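**Student:** Handing you a structure now.
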Amino acid sequence: MEEVEAQRATIAGFGEIAGWHELHARIWEPFGPDAAPRRPQTGIGGAHAVAPEEPAERAAASDELSRLGEAVLEEGESLRALERMISRAGKALTSLPSRWPVRGPVNSEFGVRASPWTRGGEFHSGIDIGAERGTRVVAPAAGTVAFAGTHAEYGLTVILDHGENLRTVYGHLSRLDVSQGRTVARGTELGLTGNSGRSSGPHLHYEILVDGRPVNPRAYFWD
């Protein structure tokens with residue numbers, strides 16, 4: 001009877017392990033598809049022979065399996081507690097512009113730089129991300145379109161309001177795909193990169209404003 005109970009505990013434990021894969025995916029979801037650590041490859045092979053077991057060995061193995069089952073069940077509870085915590089944190093994370101709106105090299109960083117138009121220095125309020133004309137620009141977080149139109153400096157521009165006095169700016173676009181007042185989700189296409197406004201070549205001017213002040217976008221990137 002004890003051996004049967006041990007086997008049942010082990011089976012339940014392995015059932016818990018099977019459910020961990022889905023749980024793991026839900027925990028890492030707020031951080032993006034590329035953030036989760038890679039699972040190591042564990043494939044092995046080769047011939048093997050099974051030696052007959054003695055009754056005492058079977059009893060020892062049964063005890064080990066029973067302890068394994070209990071440990072797995074306890075670990076499952078810990079993971080579920082972690083999931084609840086991450087779920088609450090995830091709601092805050094998804095409201096932050098933590099992803100790149102477009103992928104490409106940063107041609108000009110945030111801060112003081114040499115002006116491309118004069119011989120002096122100037123303050124650059126965002127980062128310039130290099131991208132071919134017509135590259136999709138997507139919302140790095142949910143928000144409402146506060147502005148979609150022509151800006152004197154940045155040409156075709158979109159400004160998203162993410163709430164909590166946080167806004168993002170997307171300048172020098174070649175096409176607008178959203179209109180003012182629209183609510184967008186993370187990943188929604190806002191427009192296409194271009195060279196409109198005061199620009200020396202195709203790229204995206206990306207800016208983050210907190211309480212109306214520009215901050216370095218790199219401080220928000222998770223990936």
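**Student:** Given Cα pairs under 8 Å that are at least 6 residues apart, what percent is the relative contact order of segment 93-143?
**Tutor:** This gives 49 percent for segment 93-143.
**Student:** Let me ask something else about it. Taking a ≥ b ≥ c as the square roots of the eigenvalues of the Cα gyration tensor of segment 106-219, is the shape rounded (a/c under 1.5), prolate (a/b larger than b/c) or oblate?
**Tutor:** oblate
All of the numbers you see were taken from the coordinates with simple rules; none came from a lab. Just so we're clear, the structure is a prediction, and the values are computed from it rather than from any experiment.
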